[in-house]
There are 2 protein chains.
Amino acid sequence: MALRKLASNWGGALALGLCLAGPVPVAMAQEKPAAAAIENRVENFTLANGLQVVVIPDRRAPVVTHMLWYKIGSADEAPGKSGIAHFFEHLMFKGTSNHKAGEFSAAVAAIGGSENAFTSYDYTAFFQQVSPDALETMMGFEADRMRNLVLTDAVIGPERDVILEERRMRIEGDPSALLQEEMSATLYQNHPYRIPVIGWMQEMEELNRADAIDFYNRYYAPNNAVLVVAGDVDVAGVKALAEKTYGKVERGPDLPPRVRPQEPEQNTSRTVSMSDPRVTIPSYQKSWVVPSYGSAKKVPGQAEALDLLAEVLGGGARSRLYQALVVKEKLAASVGSYYQGTALDASSFTVYGSPIGETKLETLEKAVDAEIARLVKDGIGDQELERAKNRLVRGLIFARDNQSGMARIYGSTLTTGGEIKDIEEWPERIKALTAADIQRAATEFLNQKRAVSSYLLPAGEEKS
Amino acid sequence: MALRKLASNWGGALALGLCLAGPVPVAMAQEKPAAAAIENRVENFTLANGLQVVVIPDRRAPVVTHMLWYKIGSADEAPGKSGIAHFFEHLMFKGTSNHKAGEFSAAVAAIGGSENAFTSYDYTAFFQQVSPDALETMMGFEADRMRNLVLTDAVIGPERDVILEERRMRIEGDPSALLQEEMSATLYQNHPYRIPVIGWMQEMEELNRADAIDFYNRYYAPNNAVLVVAGDVDVAGVKALAEKTYGKVERGPDLPPRVRPQEPEQNTSRTVSMSDPRVTIPSYQKSWVVPSYGSAKKVPGQAEALDLLAEVLGGGARSRLYQALVVKEKLAASVGSYYQGTALDASSFTVYGSPIGETKLETLEKAVDAEIARLVKDGIGDQELERAKNRLVRGLIFARDNQSGMARIYGSTLTTGGEIKDIEEWPERIKALTAADIQRAATEFLNQKRAVSSYLLPAGEEKS
């Protein structure tokens with residue numbers, strides 16, 4: 001779940017957005033005082049065709065966020081077909097048998113709304129933010145493209161050129177993105193989280209119409225989707241509109257459980273290094289494969305402990321790493337840690353940093369390692385624990401104040417094996433953690449003998 | 001092809017044998033003087049059911065090597081089913097509807113023959129070495145188990161315990177094997193050569209009867225196999241026996257081309273490190289993904305240049321690395337290079353070494369890197385080139401003297417995309433290489449910015 005991290009991770013390593021529109025105008029939802037945060041009366045129901053619907057009432061402004069989430073992401077792709085999930089996100093903006101390409105986007109723009117879409121390892125989502133009276137129109141368009149896309153070669157070829165260009169721009173042209181790809185391919189030895197969401201170039205080049213049609217027919221169906229509607233609406237109204245629009249879409253094939261190849265036990269420490277003339281300040285990150293909220297279900301509190309550990313260690317300006325290495329020792333320009341908890345399968349915990357002034361990257365890395373070792377050896381005190389819990393839980397309260405942020409929390413949780421009650425009970429589960437839980441998580445998971453480090457270095461500075 | 005390397009690589013990283021019997025008694029084939037090496041009248045034909053048959057006459061002793069090769073290896077396994085190819089090699093020694101388990105092996109032993117089987121990334125093979133009058137019996141047994149295995153849960157369960165124990169013994173109990181696995185998983189970022197032939201433990205544990213039956217029905221068929229018969233036989237005789245035995249087996253389903261996910265362009269240098277109390281002397285290896293004979297077909301001479309480069313650089317006691325670092329500078333206890341050329345897809349080129357006395361591993365690695373840099377910068381002289389060619393081609397002449405070695409060369413070549421003429425023309429292709437070809441291969445492929453190094457270290461000696 002990693003509720004507070006959602007905002008910062010969004011659009012980062014895990015998610016790959018089409019970014020058709022600019023950032024969501026969250027200011028719209030903040031016209032009323034923040035104190036009147038979104039009420040916790042989230043409701044949900046399932047249509048006869050299997051579409052799960054979640055309604056998050058938020059009456060502070062005449063705005064509605066309409067998000068359709070599919071339980072399909074890059075980690076579900078067939079071998080050799082990397083990039084098809086993201087490619088399909090693009091294809092969803094093409095014409096259907098009822099609407100020409102661009103008609104949906106034009107309709108959103110015409111009423112001053114915004115829209116976006118993104119693909120991640122575990123899900124693909126599409127959303128619009130509009131005034132409530134346009135909700136039915138949005139639902140109509142979204143339900144239409146769930147089944148009625150026209151996928152001809154004339155559509156496929158040019159759009160494939162677009163994703164290839166997107167890869168060239170966003171990955172090939174950016175040393176840190178290239179490094180991140182090979183870092184993931186090294187960190188995960190077996191799980192498809194190792195494969196980039198955008199796909200490997202040589203496989204993207206071969207994606208074709210048959211692949212697209214197979215993918216569409218298999219995964220784009222109401223029984224493989226979650227609709228999240230947040231905003232100035234009521235459940236009865238949403239249900240009536242959903243029945244009228246999505247309700248007409250036929251159920252798709254029953255899909256087998258989402259079982260992907262899992263990580264083996266890891267026994268080595270690894271490094272991944274790149275030097276490039278475009279890099280001016282060196283930086284590094286060190287990651288471990290750890291349980292996610294999705295994979296840790298059988299061990300209650302394990303994912304929560306990792307979430308809180310990330311907060312304690314490097315979750316912002318009050319964290320140990322920041323206080324020690326930026327404020328006190330002045331070794332780091334930036335330093336921190338984060339936990340990718342919102343995932344169906346075992347995911348990652350990461351520390352990162354960039355040195356300041358004359359400090360060597362190696363010096364900074366050793367100082368970060370020393371902070372981890374100290375936490376493993378001495379644990380944390382009660383006051384530090386309580387403060388970190390408060391910061392982490394407060395993150396959810398802030399997230400609740402953001403309509404589309406809330407919709408994202410529900411959508412990402414429900415498409416990665418979680419349930420609504422997991423979100424509702426999350427603050428209590430964080431509050432129940434003990435100092436021993438945090439120390440145990442650090443000891444068990446932040447083992448240097450299984451760490452994978454990546455180094456982004458200026459030209460000429462090779463990692464020895 | 002890497003003809004001379006076949007012997008040393010056999011049973012190594014690439015191949016995983018059942019090792020039912022001890023080493024093949026090659027001395028049997030050497031009773032006559034080596035000068036009378038195997039004649040180059042290799043013939044081949046295909047049965048109506050698609051079985052390709054290669055006959056290598058060798059009349060020096062009353063011995064025949066009967067090898068059946070299937071074009072199925074671990075790199076063909078479905079995601080999450082790692083180990084099924086090797087598991088199936090084991091299952092082939094179970095009972096059929098015509099013969100009880102153990103009957104085939106007992107028949108081989110009763111006549112003083114030997115047998116073995118092995119699984120690799122690209123193929124699975126079964127062989128017996130017996131007197132020629134037993135060839136028909138061998139063919140009968142082998143043809144029988146191609147289609148008539150009895151695969152009940154009572155057979156599957158206990159044999160799965162055997163492969164799990166094999167993994168515990170051969171991999172989990174051996175730090176160098178564990179390191180090699182994670183080295184491969186790091187070197188190959190996308191291709192299934194990254195997955196161990198024996199399988200990941202957690203996937204092996206789940207292999208079941210349905211998996212085995214699917215695998216058998218799909219891949220164990222005459223049209224997916226190559227029969228190699230070497231020894232005191234003639235083509236007409238082999239053909240008659242093959243028709244009488246294998247000829248009765250029905251053709252299997254047509255299989256699609258063996259297209260596996262390919263490697264992306266690599267942009268980083270990587271390290272994989274393990275320290276363990278059982279390690280006394282440190283060692284390292286550095287590998288690159290390079291074209292194989294199978295993948296380099298469109299670039300004539302490319303794989304041959306890599307083969308000769310491996311010979312020049314570290315192919316034995318006359319090589320540059322050995323002469324410089326063992327003989328002259330006395331830095332290395334062992335040092336060398338090898339090329340895994342016999343593969344369907346892009347494979348690897350490796351240098352390796354272990355320091356001697358007080359020499360640090362890092363010092364040795366730098367000295368090896370300096371030898372590579374020297375070769376890239378200055379190339380090689382004509383005399384050194386000719387000597388290396390002679391050594392490499394002489395390797396094939398030695399291999400020809402070994403009946404089962406020859407059968408293995410033909411079997412492995414024909415199951416990795418090669419043809420008989422590729423073997424026959426290989427010496428000429430090596431002789432045609434220039435010094436510039438070798439320098440170009442070193443420059444293009446032995447790039448430190450894309451190298452993957454693994455370090456096996458004594459406890460307490462961590463890689464910085």
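Measuring max minus min along each principal axis, the C-alpha atoms of the range B:42-248 give extents of 48, 37, 33 Å (largest first). For the range B:87-171, the C-alpha radius of gyration divided by 2.2 N^0.38 Å, with N the number of residues, is 1.14. Kirkwood hydrodynamic radius of chain B, from the reciprocal of the average inverse Cα-Cα distance over all distinct pairs: 23.1 Å. Between 0 and 90 degrees, the angle of helix A:435-445 with respect to the longest Cα principal axis of chain A falls at about 90 degrees. For B:GLY315, the residues whose amide H sits under 5 Å from its own are B:ARG320, B:SER337, ignoring neighbours fewer than 5 places away on the same chain, with H placed 1.01 Å from N.
Shown for B:LEU135, B:LEU396: other C-beta atoms within 10 Å of each C-beta, ranked fewest to most, produce the order B:LEU396, B:LEU135.
Residues A:ASP345, B:ASP144, A:ASP307, ranked from the fewest to the most other C-beta atoms within 10 Å, line up as B:ASP144, A:ASP345, A:ASP307. Counting only alpha carbon atoms, the long axis of helix A:382-400 and the longest principal axis of chain A meet at about 20°. Loop-located GluC sites (Glu not before Pro) in the range A:362-425 (DSSP state not H, G, I, E or B) with no more than 14 neighbouring Cβ atoms inside 10 Å: A:GLU419. Neighbouring Cβ atoms from other chains, within 10 Å of the Cβ of residues in B:270-278, number 5 on average. With no solvent and one point per C-alpha, what does the Debye sum give as log10 I(q)/I(0) for the protein assembly as shown at q = 0.06, 0.07, 0.08 Å⁻¹? Values returned for q = 0.06, 0.07, 0.08 Å⁻¹ are -0.49, -0.66, -0.84. Just so you know, the Cα atoms of the range A:320-464 work out to an Rg and Dmax of 17.7, 52 Å.
DSSP beta bridges confined to the range A:270-458 are antiparallel in about 75 percent of cases. D for the range A:215-267, whole µm²/s, Stokes-Einstein with Kirkwood Rh over alpha-carbon pairs at 10 °C and 1.306 mPa s: what number? Translational D for this selection: 112 µm²/s. Here A:GLU172 yields copy-to-copy label distances, from shortest upward, of 4.5 nm, the label point defined as 7 Å from Cα along Cα to C-beta.
Using a ≥ b ≥ c from the Cα gyration tensor of the range B:395-458 (square roots of the eigenvalues), is it rounded, prolate or oblate, where a/c under 1.5 gives rounded and otherwise the larger of a/b and b/c decides, a/b for prolate? The shape class here is oblate.
Centroid-to-centroid, using Cα positions, the range A:391-431 and the range A:196-272 are 21 Å apart. If both residues of a DSSP beta bridge must be in the range A:42-248, then about 80% of such bridges are antiparallel. With angles folded into 0 to 90 degrees, how steeply does helix A:361-378 sit against the dominant principal axis of chain A? Use alpha carbons for both and round to 10. The answer is roughly 90 degrees.
Put in line by how crowded their Cβ is, counting other Cβ atoms within 10 Å and starting with the fewest, A:SER404, B:SER354, B:SER295 read B:SER354, B:SER295, A:SER404.
Would you mind working out the magnitude of the charge dipole of the range B:240-338 relative to its Cα centre, with +1 at each Lys and Arg C-beta and -1 at each Asp and Glu C-beta, to the nearest 20 Debye? Result for the range B:240-338 is approximately 140 debye, rounded to the nearest 20. For the range B:199-343, the alpha carbon positions stretch 62, 44, 35 Å along the principal axes, listed from largest to smallest. Percent antiparallel among DSSP beta bridges with both residues in the protein assembly as shown, to the nearest 5? Taking every DSSP beta bridge with both residues in the protein assembly as shown, the antiparallel ones total about 80 percent. Under the classification rounded if a/c is under 1.5, otherwise prolate if a/b is larger than b/c and oblate if not, where does the range B:264-394 fall, given a ≥ b ≥ c as square roots of the Cα gyration tensor eigenvalues? Verdict is oblate for the range B:264-394.
Values in this text are rule-based calculations from the coordinates and carry no lab data. Treat the numbers as computed from the prediction; the structure is a model and nothing was measured. No Cβ is skipped: glycine too gets one built from the backbone with ideal geometry, and neighbour counts run over all protein chains shown.
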